[in-house]
1. What single numbered condition from (1) over 12 Å from the mean Cα position of the chain (by Cα); (2) at pLDDT 95 or above; (3) aliphatic (A, V, I, L, M); (4) surrounded by 24 or more Cβ atoms within 10 Å (Cβ to Cβ) fails to hold for Ala187?
2. Of the residues that sit in the range 564-600 and are β-branched (Val, Ile, Thr) and under 27 Å from Phe519 (Cα atoms), which one is nearest to the chain's Cα centre (by Cα)?
3. Looking for something under 24 Å from the mean Cα position of the chain (by Cα) and either surrounded by 16 or more Cβ atoms within 10 Å (Cβ to Cβ) or under 17 Å from Phe372 (Cβ atoms) (or both) - is there at least one such residue anywhere in the range 295-310?
4. Return the total of residues in the range 567-614 being hydroxyl-bearing (Ser, Thr, Tyr), surrounded by fewer than 20 Cβ atoms within 10 Å (Cβ to Cβ) and closer than 16 Å to Asn533 by Cα.
5. Within the range 254-272, how many residues turn out to be within 29 Å of the chain's Cα centre (by Cα) and either in a loop (DSSP other than H, G, I, E, B) or free of Cβ contacts under 8 Å to residues at least 60 places away in the same chain (or both)?
6. How do the strands (runs of 3 or more DSSP E) wholly within the range 162-229 filter down when requiring 3 or more residues that are closer than 16 Å to Arg262 by Cα and either in contact with a strand residue (DSSP E or B) (Cβ under 8 Å, 6 or more places away or on another chain) or of a type in the set (Val, Ile, Thr) (or both): which remain?
7. Tell me which of these Ser204 doesn't satisfy, since it passes every other one: (1) under 28 Å from Ile159 (Cβ atoms); (2) touching a helix residue (DSSP H, G or I) at 6+ places or on another chain (Cβ under 7 Å).
8. I'm told Asn501 meets every condition in (1) under 30 Å from Gly555 (Cα atoms); (2) part of a strand (DSSP E or B) except one. Can you identify the failing condition by its number?
Amino acid sequence: MAHNTTYIKSRKHLTATRQASITHLATATSAAALLALGLPVQAQSPADGTATTTTTTATTLAAAPVATGATLKEVKVESSRDAGYQPGAPSSPKYTQPLVDTPQTITVIRKEVLQDQAATTLTDALRNTPGITFQLGENGNTATGDAVFLRGYDTQGSIFVDGVRDVGTIARDMFNIEQVEVIKGPAGADIGRGAPTGYINLSSKQPVRGDVSSASLSVGTDDQKRVTADINRSLSDTSAVRLNLMAQNSGTPGRDYVRDQRWGFAPSVAFGLGTDTRTTLQYLHMDQSNRPDGGLPTTGLAGYYLAQLAARGGTGPKVDTSNYYGWLSDHDDVKADQLTARFERDLAPGVTLRNLTRWGRSTQDLVLTGAFSSGLITPNVNDPATWTMRVLPQGKHQRNTVLANQTNLTADLDVGGLRHNVTAGLELGREEQVSRARAAVIDASNGVRVVSNGTASYQSYVNLYNPDPNRAFVPVVDSGARTEGKVSTAALYAFDTVEFNRQWQLNGGLRYEHYRTDFHSVAATGTTTAPVNADGSGNLFTGKLGLVYKPADNGSIYAAYATSAKPPGSDFALSTVDANINNPNRDPQKARTAELGTKWEVLNRQLTLTAAAFRTENRNEQVVVDATTNETLQFGKTRVQGLELSAAGQITPAWQVIGGVARIDTKIIEGPSAQNLAVIRYSPKLTATLWTTYKLPMGLTVGGGVRYVDTQMRSTSNAAITATSFFPKVPSYTVFDAMLGYEINRNVSLQLNVFNLADKFYLARVNNAGNRYLLGAPRSALLTANVKF
């Protein structure tokens, strides 16, 4: 037998098209190659979500007859390797370059990280990247779901699933998610209208070739119970089905009566895997029946002050953090359905056409009771047991519908002696939101008569330190108020990455988007407020430009500039009031970011290190210039600047890590508050996160992490705090988590996660008025059994 010479090299940065051609060749020759090389590898399709592959070349194959003197062709066999925490490229075809050569701060959180952390929601997943906080809501309106603040700006309306905007104030589960991608900085050219500081994309699991399935069962403290299954089966050499299942019925650590109950399933089928034409059909259904948490009063916390408690220094004892101030009838019921069709066609080597069509709908039926620590009644100010606090039952019934069609063409071209990676497309979308308001019916049978400014009303009160969830029932019924909003968009975009040589690349892109917003609202029954009908339309032009210098193949240094825009009514609400930022006659808010950074893949390209300095300015914010006349002008400007460092991947094959630190400074630089050196609320100067695991030889895996969030200003002003103010800041906190895993055999393993190891008391979210908060989860534990079959 002739002597075989082989070489193995990293192919992790192959484009999807190049991977597909290699996979097609590998499939056709895999049996002969395996016999010749003796390697336990299996050809995989790019749809497997594999971040890294290896390519093996054999000069001869003993398993195949060869004519004397014949020259054998190179044979490439692609094999899958567990990349662990090493971030792969973003799933969007708009990113044609490897992550290390992409001139933008992007955090990719893989499913392996989520599994090791027992992370089940998007909120859990986002703890792996710095610069993110979460809000509770306005004074009388509690925010629900994934209320994300990214680098100081509300990003709840910039959450995407597979590149399609996913609207609705719901909590997103991770059971059907392959990876979470956090793209930071203005990204109007990528997504159209959106937050000034970026967006979040969730990449769904898809069918892959091969019979690979797993399941997990979790039980823990505070009555936590969860089960998931991920079943993938090949139908043929080029087709497969996948089914993801989830059910959960859990209490909430540290909180009485608050429950998290949900279930979901996600079937999908793919045809043409590993061929030039690929089609995938996906469906997702989610059902949630939760008892929500309206929060705890901030009474007794550091910085709290209430004038009516001046005899006691303006405060009182802290409440028991397990207290529940709502009714057992409070509920947050969500039903969500999503149907997706994907089509991909390789038109020529390096040229791929893609189309994605999505219909989605979510409905939320919410009744929630919010606590108001400012509304105290103190019959005896020296006896806190007599104090009662106002609570406000609130509710809504909201339906969100999205219909989107996206067509994309990518092409690798040689023009004028230069290499071009081009991606262009057309996106059509229609998003609708219908919301019916609900109001509490409070009267003499269930409320307390209160007289304010000569006007009498009934309000609901509960004992501050001993609330009774079975007290007199307050019904929450439809008030008759209704709003209907619709946003329709049509957009064209094009990006090009030009490779001048091995060291220099220029990346640029433009997007033109036409939008139309329609809004209709009806006031509550019995009121004299006239209905509102408003509409607006306009055009948005956004773009980005980045210059990349590669001093080595495994690293880059880049400078980038990008813009974004957010027109009035982009969150489904228009106003006919001239002073309102959502008046259709107002200009879109516009943001621009400059970024200078570097990225490196070290330790045999298994660990990615990044560093970036950035500055973002948001213009055309609405400000009041005369408090007497309420005159407003659209000249406000805010600025966020800072430095972010991150690391993700493998230090050794047994040692994995993901983490980052961000230093951010915010400022209102134009507007009445600017003279007070105002800052953007809920924007901690320093945030940091670190998670690491190490696999020991005896089947044990140990892991742990730490999260730090600096002090957050609740108010936008740094002016002196007056005697009637209370709770001006959200205190900083540090939380430690730990994990211990044991592999019983290759198919069965156990995993123990302990959260908040030091049982740190901290505030996870605070409302804008500063009178209620959501408790950061105290120490809890979760034991999970994982099975592969």
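1. With respect to (1) over 12 Å from the mean Cα position of the chain (by Cα); (2) at pLDDT 95 or above; (3) aliphatic (A, V, I, L, M); (4) surrounded by 24 or more Cβ atoms within 10 Å (Cβ to Cβ), Ala187 is out only on (2).
2. Residues of the range 564-600 β-branched (Val, Ile, Thr): 576-577, 581, 593, 598.
Now restrict to residues that are under 27 Å from Phe519 (Cα atoms): 576-577, 581.
Details: Thr576: 32, Val577: 33, Ile581: 26 Å.
If we take residues in the range 564-600 being β-branched (Val, Ile, Thr) and under 27 Å from Phe519 (Cα atoms), then Ile581 is nearest to the chain's Cα centre (by Cα).
3. yes
4. As a first pass, look at the range 567-614 and keep what is hydroxyl-bearing (Ser, Thr, Tyr): 570, 575-576, 593, 598, 608, 610.
Restricting the remaining residues to those that are surrounded by fewer than 20 Cβ atoms within 10 Å (Cβ to Cβ) gives 575-576, 598.
This time we only want the ones that are closer than 16 Å to Asn533 by Cα, so: 575-576.
Total meeting the criteria: 2.
5. So the first thing to find is which residues in the range 254-272 are within 29 Å of the chain's Cα centre (by Cα), and the list is 254-270.
Then keep just the ones that are either in a loop (DSSP other than H, G, I, E, B) or free of Cβ contacts under 8 Å to residues at least 60 places away in the same chain (or both); that gives 254, 259-261, 263, 265, 267.
Counting residues in the range 254-272 that are within 29 Å of the chain's Cα centre (by Cα) and either in a loop (DSSP other than H, G, I, E, B) or free of Cβ contacts under 8 Å to residues at least 60 places away in the same chain (or both) gives 7.
6. Values: elements: 177-184, 198-204, 212-220.
Filter on the range 162-229 gives 212-220.
7. That leaves (2) as the condition not met.
8. Asn501 satisfies every listed condition except (2).
The values are calculated or read from the model by the stated rules, or taken from the named source; none is laboratory data. If you're wondering where the values come from, they're calculated on a predicted model, not measured in any experiment. Here Cβ is always computed from backbone atoms with ideal geometry, including for glycine, and neighbour counts include all displayed protein chains.
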